[in-house]
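The values are calculated or read from the model by the stated rules, or taken from the named source; none is laboratory data. All values reported here derive from a predicted model rather than from experimental measurement. Note that each Cβ is placed from the backbone with ideal geometry, even for glycine, and that neighbours are counted across all protein chains shown. Areas reflect the complete protein model, heavy atoms only, side chains present, ligands, DNA and RNA absent. Shrake-Rupley method; radii C 1.70, N 1.55, O 1.52, S 1.80 Å.
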Amino acid sequence: MLILLNLDAPRKSIDAIKAKIVSQNCQPHEIPGESNLAVGITGPTHTLVEDDYRFMDSVVEVVRVSKKYKLVSRQMKKNDTIVKTNFGDIGGKELAVIAGPCSVESRDQIFRIAEEVKKLGIKFLRGGAYKPRSSPYAFRGLKEEGLKLLGEVRKEFGLGIVTEVLSPETIPLVEEVADIIQIGARNMQNFTLLDEVGKSKLPILLKRGLSATVEELLLSAEYIMAQGNFNVILCERGIRTFETATRNTLDLNAIPVIKKHSHLPVLVDPSHGVGIRDKIQPMALAGVAAGADGLIIEVHHDPDNALSDGTQTITPEQMKNILNKIKSLAPIVDREYN
Ligand code: PEP
Ligand code: MN
């Protein structure tokens, strides 16, 4: 359920509504909007009676949210969410770009790539320290050493760090160096982990599971938001289909569909979505054309020798070409990229 209040509702009235919600064993969530202040309600809302709230001070309207996901939904919040970080916004008119290697491999590697990423004018560096790998014998990341290197690179180049967390125990370590915490496709439905990152103050980049529906992705975002973390960025990174010509099938349909049902920003990851180096550019452009708020792309100075995901990783030069094309495309879809 959702309670809409006048924008100038006094704090006393808002608190009275929130106290009533809590007394009825539900949880209130304040959601600022452009034309109204909203108090979203989660929990056993079927027990609530609309009229108990409709006539309280400053209340404009009481709305039942029909979707399974509530806080994530456009019904709950009409205007797009803009996730703010120290390195720029994600979800506004300006397209966001995150680039960097699949994994942090060594000091030399991450410093070299960070320098190139910075030169390209990109604001966020990606790089996994904890790597979820299909084979236990594959390179599984430098772990704490990788985080330390990310911390150093952040300081040296002033880049926002995006890195994955695999387990609740390592969240505090990741929080020390990350500007955005990534939840990978394989953990999209790790509900314990979602609950825990929901308590973090940092934005969460939530990647769509390998065989998750859009509704399941949105319900996973709801887990994070229900814990109080409203800074969620969704990511379409391809799904498993019968097609074997590409690593995954980048589901571009999902972008306008998510935009209709949710106010959260959405990024496209063409690297994992297509899995083939020379197909990254067309799918990156297609993602932006479909309405994505930005891109996350795997970039390495020596993709052939990358310790993970080399076949889908592009060079800084190839990334530069993509950015040039994005600059021309952006105004056509009412976006900016500078
Ligand atoms: C990654 O970003 O390197 C990664 C492992 O992504 P995904 O979880 O989408 O497979
Ligand atoms: Mn990868």
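Laid out as a table, the results:
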{"item": "Only listed residue being within 16 Å of ligand 2 (Cβ to nearest atom) and modelled with pLDDT of 95 or more, chosen from 105, 145, 116", "result": "105"}
{"item": "Helices (runs of 4 or more DSSP H) enclosed by the range 250-300 - at least 2 residues per element that are open to solvent by 40 Å² or more (accessible area, probe 1.4 Å)", "result": "254-261, 280-289"}
{"item": "Residue satisfying all of: in the range 177-211; more than 14 Å from residue 223 (Cβ to Cβ) and surrounded by fewer than 19 Cβ atoms within 10 Å (Cβ to Cβ); farthest from ligand 1 (Cβ to nearest atom) among these", "result": "201"}
{"item": "Selection count where residues are under 22 Å from the mean Cα position of the chain (by Cα) and over 14 Å from residue 154 (Cα atoms), scope the range 86-119", "result": "13"}
{"item": "Restricting the range 151-164 to residues that are hydrophobic (A, V, I, L, M, F, W, C) and away from ligand 1 (no atom under 14 Å from the Cβ), the residue that is farthest from residue 176 (Cα to Cα)", "result": "157"}
{"item": "Test: residue 245 is away from ligand 1 (no atom under 16 Å from the Cβ) and assigned to a loop (DSSP other than H, G, I, E, B)", "result": "yes"}
{"item": "All positions within the range 72-125 that are open to solvent by 20 Å² or more (accessible area, probe 1.4 Å) and within 16 Å of ligand 1 (Cβ to nearest atom)", "result": "105"}
{"item": "Filter result (within 16 Å of ligand 1 (Cβ to nearest atom) and open to solvent by 50 Å² or more (accessible area, probe 1.4 Å)) within the range 214-223", "result": "216"}
{"item": "Test set (1) away from ligand 1 (no atom under 16 Å from the Cβ); (2) under 21 Å from residue 100 (Cβ atoms); (3) touching a Ser or Thr at 6+ places or on another chain (Cβ under 8 Å) - residue 174 fails condition number", "result": "(1)"}
{"item": "Selection within the range 126-144 - within 13 Å of ligand 1 (Cβ to nearest atom) and more than 19 Å from the chain's Cα centre (by Cα)", "result": "133, 134, 138, 139, 140, 141"}
{"item": "Selection from the range 135-149 of residues that are of a type outside the set (A, V, I, L, M, F, W, C) and either outside the structural domain of residue 114 (by TED's automatic domain parsing) or more than 11 Å from residue 308 (Cα to Cα) (or both)", "result": "135, 136, 137, 143, 144, 145, 146, 148"}
{"item": "Extreme residue, farthest from residue 134 (Cα to Cα), among residues of the range 163-189 that are of a type in the set (Ser, Thr, Tyr) and more than 16 Å from ligand 2 (Cβ to nearest atom)", "result": "170"}
{"item": "Residue match in the range 131-149 (condition: within 24 Å of residue 259 (Cα to Cα) and open to solvent by 30 Å² or more (accessible area, probe 1.4 Å))", "result": "no"}
{"item": "Those residues of the range 194-235 which are assigned to a loop (DSSP other than H, G, I, E, B) and within 16 Å of ligand 2 (Cβ to nearest atom), in sequence order", "result": "208, 209, 210"}
{"item": "Cβ pairs under 6 Å, 6+ apart, first in the range 294-322 and aromatic (Phe, Trp, Tyr), second open to solvent by less than 60 Å² (accessible area, probe 1.4 Å)", "result": "none"}
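Listed here are the residues, each with its yes/no results for (1) outside the structural domain of residue 164 (by TED's automatic domain parsing); (2) touching a His at 6+ places or on another chain (Cβ under 9 Å); (3) among the aliphatic types (A, V, I, L, M).
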residue: 269; (1), (2), (3): no, no, no
residue: 272; (1), (2), (3): no, no, no
residue: 279; (1), (2), (3): no, no, no
residue: 295; (1), (2), (3): no, no, yes
residue: 300; (1), (2), (3): no, no, no
residue: 304; (1), (2), (3): no, no, no
residue: 309; (1), (2), (3): no, yes, no
residue: 324; (1), (2), (3): no, no, no
residue: 328; (1), (2), (3): no, no, no
